[in-house]
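Shown next, in structure tokens, is the structure this report addresses.
The values are calculated or read from the model by the stated rules, or taken from the named source; none is laboratory data. Since the structure is predicted, the reported quantities are computational estimates derived from the model, not experimental observations. Glycine gets a Cβ as well: all are built from the backbone with ideal geometry, and neighbour counts include every protein chain shown. For the accessible areas, the whole protein counts, side chains as well, though only heavy atoms, and no ligand, DNA or RNA atoms are used. Shrake-Rupley method; radii C 1.70, N 1.55, O 1.52, S 1.80 Å.
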Amino acid sequence: MVYFTYRGAWGNGGTFSAENALADAAAVLATVRDPQWAAETRSDPGRVSLLGHSFGGFIGALTAARDPAVRCYAHLAG
């Protein structure tokens, strides 16, 4: 499992915005699909699922809708 915090949130640098949050989610997906990262973490880059809560639910839904390779999406308290 990978957990991340958007830029500009909870003390992270950068500017918080929906556009940046979508870019952050896409960057995390690219990271977990990277073959080297997958080998180092012993993960399967072909079996990626998303879970989002509140604002993360909104971002997760948009990210999953834009990326057909996301295998499963769960939305909590959207």
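Could you tell me how many of the residues in the range 24-63 are small (Gly, Ala, Ser) and more than 16 Å from VAL2 (Cα to Cα)? Let's see the steps before the verdict.
As a first pass, look at the range 24-63 and keep what is small (Gly, Ala, Ser): 25-27, 30, 38-39, 43, 46, 49, 52, 54, 56-57, 60-61.
Pick out the ones that are also more than 16 Å from VAL2 (Cα to Cα) and you get 54, 61.
Residues flagged as small (Gly, Ala, Ser) and more than 16 Å from VAL2 (Cα to Cα) within the range 24-63 amount to 2.
Take the residues of the range 69-78 that are in contact with a strand residue (DSSP E or B) (Cβ under 6 Å, 6 or more places away or on another chain), in a loop (DSSP other than H, G, I, E, B) and of a type outside the set (Lys, Arg): which is least open to solvent (accessible area, probe 1.4 Å)?
Among them, the one singled out is VAL70.
Search the range 4-26 for residues that are closer than 13 Å to PHE58 by Cα and pair each with any residue that is open to solvent by less than 60 Å² (accessible area, probe 1.4 Å) and polar (S, T, N, Q) when their beta-carbon atoms are under 6 Å apart and the residues are at least 6 apart or on different chains.
Cβ pairs passing all conditions: ALA25/THR63.
Hey, among the residues in the range 44-68 that are under 12 Å from the mean Cα position of the chain (by Cα) and assigned to a loop (DSSP other than H, G, I, E, B), which one's surrounded by the most Cβ atoms within 10 Å (Cβ to Cβ)?
VAL48
For the range 6-43, enumerate the residues that are open to solvent by 50 Å² or more (accessible area, probe 1.4 Å), over 19 Å from VAL70 (Cα atoms) and assigned to a loop (DSSP other than H, G, I, E, B).
Matches in the range 6-43: ARG7, TRP10, GLY11, ASN12, GLY13, GLY14, THR15, PHE16.
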